[in-house]
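A.B. asks: The structure follows.
Only the coordinates and a few stated rules stand behind these numbers; no lab work does. Since this is a predicted model, take the numbers as computed values, not measurements. Please note: Cβ atoms are built from the backbone with ideal geometry, for glycine as well, and neighbour counts cover all protein chains shown.
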Amino acid sequence: MQRFLTIFLSCILLQTRAQTSVSVIPAPVKAEIKTGSFTITSQTVIVADSNEENATVNFLNAYLQKYYGFSLRTVKQAATNFISIGTRTFIKAPDRPERYTLVISNKAVQIKGDSHGGSFYGLQTLLQLLPVQKSGSLKIPAVAIEDYPRFGYRGAMLDVSRHFFDVDFIKKYLDLLALHKINTFHWHLTDDQGWRIEIKKYPRLTEVGSCRNGTITGRFPGKGNDGDKYCGYYTQDQIREIVQYAANRFITVIPEIELPGHSSAAIAAYPQLSCFPDEPTKPAKRTIWHGDSTGKNVQQAWGVFEDVYCPGEYTFNFLQDVLDEVIALFPSKYIHIGGDECPKEAWKRSAFCQNLIKEKNLKDEHGLQSYFVQRIEKYLNSKGKAMIGWDEILEGGLAPNATVMSWRGEKGGIEAAKQKHDVIMTPNSYLYLDHSQCKNEDSVVIGGYLPLQKVYSFNPVPNELNAHEYHYILGAQANLWTEYITNPAKAEYMLFPRLTALSEVCWSPVQNKNWEGFKKRIAKQFKRYDLWGVHYYPKLDEPLK
Ligand code: ACM
């Protein structure tokens, strides 16, 4: 009898648990299914607290129009059949500014944020409760949800240097980030294979630096060279448009201007930036070059190149001018300065660099890189901006206020946190979405194996950090490098569903994470990808290793 009772009670308990879960990604902190439902039709109205909710109201209406073919009127007051969007008022700043509550009853949908961003995230949860079939009558369950993110920094990076993505795709990418409550877009704008941002004071950066004369074909070192001129850049007007588009989705855009390495495109435009302005650009070993090979050129293959910025006054003046224009375009607190993969060969054989090392009493070329990065940090700080760099900026001494982006595993992040520096976790072993997501990938990818489950399993706070240190982990970010990603469809295919897993890594409390439960929710999410017209990898059972 006792055994029967136990089984009976377990069944009831299981049923209760099943009833209290909603199929939302990232999993909310608390969600309770209530009895009843609400139906959104063209007769439903929106009641917004103030004009400050316009971005959220507009997102809702654009979404309904695009996917269901109708939008809603906004009114001052309503007794029933309404969606209210508002923000709580506080005497002092709320502890969790991105928190929201979402309450759905038979009469109304009520979204209340602890900030305007919070109400926007409440809306994102509501959108995931909508049916995936196009209809004029959208039935959603009655629920009570309280939710807030685990991390304040939830990021996604896109490399637009190796391959260029136009404004329309950047907007689609931003929409997809918003739908996943990701709040930071890291825009990798410069690299060896193309300079992609208009700088008025240095027009050759885009006249020369935004084009390469060909691209290797196939996997590095490649089978040949396509010989096609490949160009692309964003005008400052386009950048402003994108920054505003992102802000309307509560997304901050962090621009990355790479230094001192990965600078071939800038050097092709202004050879004096190199310690050896008269030496021709060296192609990557074993690759096939197309076109002019005299003088400085934008690179046509992937990799790491020895011709880097020379740490002289010409370069510092140039970079400060560039950063002035970048700062004017991007309201973000942070500017990313790269700092990764800077070979030291040119500095070793440059008499100028060797003298500078002596004059500044530096230990070696790593000390010189640290001197370079620290000068740039000082400049950014003087303009009220904070600097982010890849984890190589730890080598030779960390700049005093720098935030470290840990990409070569988690080691750099652990070391930086122990030095009391802020950290963003983006380890290649868990969050490099250019790696293959299946064993038998049939398109060309850079290599590595990163199935969905591995992304999902990532914990941004390493066990090595103690209670004082883990606060330095601001959050996590997935990176999409685009050497082998030549078009939007492939970019989406590499992003999804792994970016959806990242959203839960960054947002949901650890105790609400569960791989089996996630798999069930993601299967539903596939239908939403179909609704959104997003390409994705459709299998969920790839082995973990
Ligand atoms: C990097 O992947 N080189 C940051």
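A.B. asks: Relative to the present Cα-Cα distance, how much length would full extension add between Gln354 and Ala78 at 0.36 nm per residue of separation?
C.D. replies: Gain in length upon complete extension: 92.0 nm.
A.B. asks: I need the calculated FRET efficiency for the pair Lys527 and Phe220, taking r as the beta carbon distance and R₀ as 41 Å, to the nearest 0.05.
C.D. replies: Efficiency for this residue pair is about 0.65.
A.B. asks: May I ask which of Lys201/Lys358; Lys420/Lys513; Lys200/Lys296; Lys172/Lys420; Lys333/Lys527; Lys358/Lys385 have a Cα-Cα span longer than 26 Å here?
C.D. replies: Correct reply: Lys201/Lys358; Lys420/Lys513; Lys172/Lys420; Lys333/Lys527; Lys358/Lys385.
A.B. asks: Now for a different question. Obtain the nm distance between the two label points defined at Lys333 and Lys520 by a simple spin-label model: each point lies 7 Å from its Cα along the Cα-to-C-beta direction.
C.D. replies: Placing both labels 7 Å beyond Cα along the Cβ direction yields 3.9 nm.
A.B. asks: For the chain, compute the orientation-averaged projected area of the C-alpha convex hull (one quarter of its surface), in nm².
C.D. replies: Computing the convex hull of the Cα atoms and averaging its projections yields 28.7 nm².
A.B. asks: State to the nearest 20 debye the size of the charge dipole of the chain about its Cα centre, where the only charges are +1 on K and R beta carbons and -1 on D and E beta carbons.
C.D. replies: Dipole size: approximately 2020 debye.
A.B. asks: Counting only DSSP beta bridges with both residues in the chain, tell me the antiparallel percent, nearest 5.
C.D. replies: Antiparallel bridges: around 35 percent, rounded to the nearest 5.
A.B. asks: Additional query: Kirkwood hydrodynamic radius, the stretch 121-271, all distinct C-alpha pairs: what's the number in Å?
C.D. replies: 17.9
A.B. asks: Turning to a different aspect of this structure: Quick check: pseudo-label points 7 Å beyond the Cα along Cα→Cβ at Arg408 and Asn248, how many nm apart are they?
C.D. replies: If labels sit at Arg408 and Asn248, their model points lie 4.2 nm apart.
A.B. asks: Could I ask something else about it? Let me make sure I get this right: for the stretch 41-87, a, b and c are the square roots of the gyration tensor eigenvalues over alpha carbons, sorted descending. Under 1.5 in a/c it's rounded, otherwise prolate if a/b > b/c, else oblate. Which is it?
C.D. replies: The shape class here is oblate.
A.B. asks: Could you work out how far the C-alpha centroid of the stretch 94-173 sits from that of the stretch 197-234, in angstrom?
C.D. replies: Measuring centre to centre over Cα atoms gives 37 Å.
A.B. asks: Rounded to the nearest 0.05, what FRET efficiency do Asp321 and Asp237 give with R0 = 25 Å and r taken as the Cβ-Cβ distance? Could you check?
C.D. replies: Step by step, r from the Cβ atoms, then E = 0.80.
A.B. asks: Expected output is a single nm value to one decimal: the length gained when fully extending between Lys229 and Thr41, i.e. 0.36 nm times separation in residues minus the C-alpha distance. What is it?
C.D. replies: Between Lys229 and Thr41, full extension yields 62.6 nm more.
A.B. asks: A follow-up question, please. Please list, by residue number, every one of the trypsin sites (Lys or Arg not before Pro) in the stretch 155-252 that is coil in DSSP and has at most 14 other beta-carbon atoms within 10 Å.
C.D. replies: Here the trypsin sites (Lys or Arg not before Pro) that fit, given the DSSP loop and packing criteria, are Lys200, Lys201, Arg219, Lys223, Lys229.
A.B. asks: Is any residue of the stretch 391-430 close enough, with backbone N under 14 Å, to a label point placed 7 angstrom from the Cα of Asn466 along the Cα-Cβ axis, and if so, which?
C.D. replies: Under 14 Å, as judged by backbone N against the label point of Asn466, lie 418-420 of the stretch 391-430.
A.B. asks: Ok, one more. Stretched out fully, how many nm does the piece from Lys282 to Tyr314 gain, at 0.36 nm a residue minus the Cα gap?
C.D. replies: 9.3 nm
A.B. asks: Modelling each spin label as a point 7 Å along the Cα-to-Cβ direction, I'd like the Phe169/Gln133 distance in nm, to one decimal.
C.D. replies: If labels sit at Phe169 and Gln133, their model points lie 3.4 nm apart.
A.B. asks: Let me check I have the definition right: for the stretch 132-200, take the eigenvalues of the Cα gyration tensor, multiply each by 5, take square roots. What are those semi-axes in whole Å, largest first?
C.D. replies: 35, 18, 8
A.B. asks: Among residues other than Asp166 whose Cβ falls under 13 Å from its Cβ, what is the net charge (Lys/Arg +1, Asp/Glu -1)?
C.D. replies: In short, +1.
A.B. asks: Can you give the FRET efficiency to the nearest 0.05 for Lys66 and Arg375, using r as the Cβ-Cβ distance and R₀ = 60 Å?
C.D. replies: Rounded to the nearest 0.05, the efficiency is 0.80.
A.B. asks: While we're here: Can you give the calculated 222 nm mean residue ellipticity of the chain, where each DSSP H run of n ≥ 4 adds -39,500 (n - 2.57) and the sum is split over every residue, rounded to the nearest 500 deg cm²/dmol?
C.D. replies: -10000 deg cm²/dmol
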